[in-house]
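Novice: Here you go, one structure.
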Amino acid sequence: MDAVRPTCHTSNVARYLIIATCPHCGSQDDVDQREEVFKCRYCGSEYAVVEDVLPSGNPWPRQQEQPPPPPSVAVPPGVAPVSKPVGPFALTCLILVGMGTLGGGVCVGLIGRSVRPPHVRGTHGSYFDDAADVPRILGPKLGIGLARELTIHSKYAQLEVYHPTSIQRHTLRDGTVEDHAISSRLTPPPAEQLFRIDNVDFRRVPAIVRDARRRAHVDHGIVTKLVLSRAHPGHRLGWTVSVSGAKRVVTLAYDLTGHLLSIHH
């Protein structure tokens, strides 16, 4: 993977761009170094963006984004600042304490408690670590239809559903679902390739990811996706895990209980 200094760019994204060579088809394209996985636009192959494959002495190493500083909060005189994030309720209590009101006295014991913000998957977590939202949010999209394939990536998940009159693809990202109609004319696959996700235990996903990463033996390997389908022998429903490195991709097949079925190098 060759790195070049970006020129003639004014956006913040430009300073993270490098030119990468696809190890599968040899084509070159711009890659954002902040992404863990890059998909080749020419052959569709996915591979890991690994810093160690940059040439030695690279004058433009991967840059780290700095989080924005926390907002400052003004408190009444005589009230010690709170080190934890202050929400609207706690800020109200601080003001009441400073005014010496009865409500302030009631709030004294609650000021130091912080309210946990809603979990935003795309910012704080990965579906590889907790896939519970996938069936909870995407499951109702099935309706009377049947799924042909469910693909889970680190930051998003896609469910392909065959309805009686159309084929839909539903993408879950940051807790929001985007619906796309693929076609209303395609011939549906055989019934033995379709399935429901109601009885699939998605709590096993983190353990499957860890086991695949350990068994793949890929240098700098990262799990790029898990695919739930009936593509296994006998049309059994199971998981296919892809582990990508700088030079090769390993796929591992698991049943629904997390038992390893096969490894393909």
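Novice: Being buried (at least 20 other Cβ atoms within 10 Å of the Cβ) and farther than 20 Å from ARG236 by Cα is the filter here, so list the residues in segment 187-217 that pass it.
Specialist: Scanning segment 187-217 gives a single hit, ALA216.
Novice: Another question, then. Report, by residue number, each residue of segment 120-161 that is surrounded by 20 or more Cβ atoms within 10 Å (Cβ to Cβ), among the hydroxyl-bearing types (Ser, Thr, Tyr) and free of Cβ contacts under 8 Å to residues at least 60 places away in the same chain.
Specialist: The answer is none; no residue qualifies.
Novice: Checking the conditions here, which among GLY258, GLY238, GLY221 is touching a residue at least 60 places away in the same chain (Cβ under 8 Å) and farther than 21 Å from PRO140 by Cβ?
Specialist: GLY221
Novice: VAL243 fails exactly one of the following numbered conditions: (1) in a loop (DSSP other than H, G, I, E, B); (2) under 20 Å from the mean Cα position of the chain (by Cα). What is the number of that condition?
Specialist: (1)
Novice: Further, regarding this structure: From (1) at pLDDT 95 or above; (2) outside any loop (DSSP other than H, G, I, E, B); (3) of a type outside the set (Phe, Trp, Tyr); (4) in contact with a strand residue (DSSP E or B) (Cβ under 9 Å, 6 or more places away or on another chain), pick out the condition that doesn't hold for GLY258.
Specialist: Result: GLY258 passes all but (2).
The values are calculated or read from the model by the stated rules, or taken from the named source; none is laboratory data. Just so we're clear, the structure is a prediction, and the values are computed from it rather than from any experiment. All Cβ positions, glycine included, derive from the backbone under ideal geometry; neighbour counts span all protein chains shown.
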